[in-house]
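Working notes for the structure below.
The values are calculated or read from the model by the stated rules, or taken from the named source; none is laboratory data. The structure presented is a predicted model; accordingly, all values stated were derived computationally and were not measured. For neighbour counting, all protein chains shown are included, and Cβ atoms are generated from backbone atoms with ideal geometry for every residue, glycine included. For accessibility, only protein heavy atoms count, side chains too; no ligands or nucleic acids. Shrake-Rupley method; radii C 1.70, N 1.55, O 1.52, S 1.80 Å.
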Amino acid sequence: MRRTRRVVAATTVLPVLLGLTACFGTKPTTPGGDGDDLRYGAAPAPHPDVTLHRDVVIVSGGSRAVRSVTDGGLTWRLDPDAGNADLLAPGKVMFVTGRGVGRVIDARRDGRDLAVTIGPVGITDVIQDGEFTSEQPISLADAAAYQFDDTFWVHPSSEAPRSEPAATATVGRAPNVTGNALTLAGTRPVTATAPLTTGAARPNELEAEGLCCADGVGARFSYRDSGLYLSGSIAFVMEQPSAKFHLVIDGSTVTVAELRIHGAAGVRVQVEATTTTGQNVHPVAFVPVTFSVPLESILGIPLSATVRQSIGIRTGFSAGHTTIRASGEYSLGGTMGFGYADGRFGPRWPGGLQVKRSLVDSVEGTSVGANSLLIDYDVKFFVGLGAVVFSAGLYAGLTTTVGITRGSSIGFGGLQGLANREGCNRADLTVNARYGIGYTIPALVAKVINFFLRVFNAKPIAAEGGIPDPPPVVNLVNKHWVTNRPVCQH
């Protein structure tokens, strides 16, 4: 019979969720420590209570063996003289740091570097046996922002990677924000020595920047092109967020798992859209900033907690010279997460939707015809291995869709109604939940990455992979509201 490994560790709270740290007096790594560990992650180490798969190659030196990370996190440029680097080959699993772990797609010398391109890998493809348990939350004070700058896969309109190397990864300390940090009037991006952004938005592309920390997670976005301007922010608000987890891997199979995230508080959104041409667009952006607490290893495995976000916007303008503005806030309190045992999932999600400030009551602007705006916001929380694109382990996430419809003002008194900005308004709110064990990649990212992988004649990756397969999506909220006027009720 296989011996069960058990170690109790402490759990942190992510910048909105959680991070991990080992017990026995160890502390999480904090900004101001080893700069390479902050940028590239901590190194794995052998431990008697953990068994790794035979095809896992631990590259000696950890972050010190990493020279740069390019192509948005897909290619890790290593010191070719680092221990075991010569064993990296297609099909092997590279494990150089907690962030630098993945299935090797290509490994070749490139000048003085060993360039290793990786794809996603499941946590049970790395760990064969081990047990990890959390006990109590730890402060968010040292949460850090981790970003790949100007990655080719940030915008789905990109069709191939740039010919020149992309910028390397950067990391910054998240400000200790409190109170109204995520209020619509005061949202701000995480900053390091200079503001962290996704880089300048190219024409026809949505620009987004991540927001954090102790009050929730969110993003601010903007878009400008050919007479159309969009701007706004959306946030998943949390109050005193904390989490616990439990993970048992036995013989490359997850036998027991649990992830609980406490403090879910609601959704807050603000948006403004103006067009002079009636042009319609559907921009989508992956927010290339993750938030976490850098960790010491647990049983020699540098697990991490990660938040990942993406935003999509669809306009439905039927006429030029139209403006739509709206803001709203909805509470959705409780615990989110799941338990897994004996091959079955038991989800747990927040409920009790309440309107704190209705979108439909705040809709204003000029509208010659019927016009609409749809926002899709996706946020996922991971505990496991990897960062930015590839994150594998336990995950839970919410997809919030906000729809705003502004009816024609002309029907309310012709030009006078237009001048008075009257009209019928409608607001829709849908919240779907996903959870599981494995990995997920935003579909827009997987599509672009697969284009890149064809360069290496590598097998395309799936947007999802799990042990077992991810359970179905859970619909938590599906509500709509119409302006309280009799003429608008039909």
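Being closer than 30 Å to Thr483 by Cβ and either open to solvent by less than 10 Å² (accessible area, probe 1.4 Å) or outside any strand (DSSP E or B) (or both) holds for only one residue in Gly337, Gly352, Gly384, Gly397, and it is Gly352. For the range 72-92, a residue qualifies if it is closer than 19 Å to Ser391 by Cα and surrounded by fewer than 21 Cβ atoms within 10 Å (Cβ to Cβ), and the qualifying residues are Gly91, Lys92. Criterion applied to Thr277, Thr323 was being in a loop (DSSP other than H, G, I, E, B) and either more than 22 Å from Gly466 (Cα to Cα) or open to solvent by 10 Å² or more (accessible area, probe 1.4 Å) (or both), and the one residue passing it is Thr277. Kindly establish whether Val473 is surrounded by 19 or more Cβ atoms within 10 Å (Cβ to Cβ), among the hydrophobic types (A, V, I, L, M, F, W, C) and modelled with pLDDT of 85 or more. The answer is no for Val473. Among the residues of this structure, Leu184 does not count as one that is crowded, with 17+ Cβ neighbours inside 10 Å, in contact with a Pro (Cβ under 6 Å, 6 or more places away or on another chain) and at pLDDT below 85. Kindly establish whether Ala285 is among the aliphatic types (A, V, I, L, M) and under 20 Å from Phe382 (Cβ atoms). Against the criterion (among the aliphatic types (A, V, I, L, M) and under 20 Å from Phe382 (Cβ atoms)), Ala285 qualifies. Phe291 satisfies every condition listed in (1) open to solvent by less than 10 Å² (accessible area, probe 1.4 Å); (2) not in a strand (DSSP E or B) except (2). Residue count for the range 304-320 satisfying the condition of being modelled with pLDDT of 85 or more and either of a type in the set (Phe, Trp, Tyr) or outside any strand (DSSP E or B) (or both): 1.
Here's the yes/no breakdown for (1) open to solvent by 20 Å² or more (accessible area, probe 1.4 Å); (2) of a type in the set (Val, Ile, Thr):
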{"position": "Ile234", "(1), (2)": "no, yes"}
{"position": "Gln240", "(1), (2)": "yes, no"}
{"position": "His246", "(1), (2)": "yes, no"}
{"position": "Val254", "(1), (2)": "no, yes"}
{"position": "Glu258", "(1), (2)": "yes, no"}
{"position": "Ala264", "(1), (2)": "no, no"}
{"position": "Arg268", "(1), (2)": "yes, no"}
{"position": "Pro283", "(1), (2)": "no, no"}
{"position": "Gly300", "(1), (2)": "no, no"}
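Based on what the data block shows, is Glu329 surrounded by fewer than 24 Cβ atoms within 10 Å (Cβ to Cβ) and without any contact (Cβ under 8 Å) to a residue 60 or more places away in the chain? So Glu329 does not fit the description; no.
Kindly establish whether Phe390 is open to solvent by 30 Å² or more (accessible area, probe 1.4 Å), under 25 Å from the mean Cα position of the chain (by Cα) and farther than 30 Å from Thr276 by Cβ. Criteria not met by Phe390.
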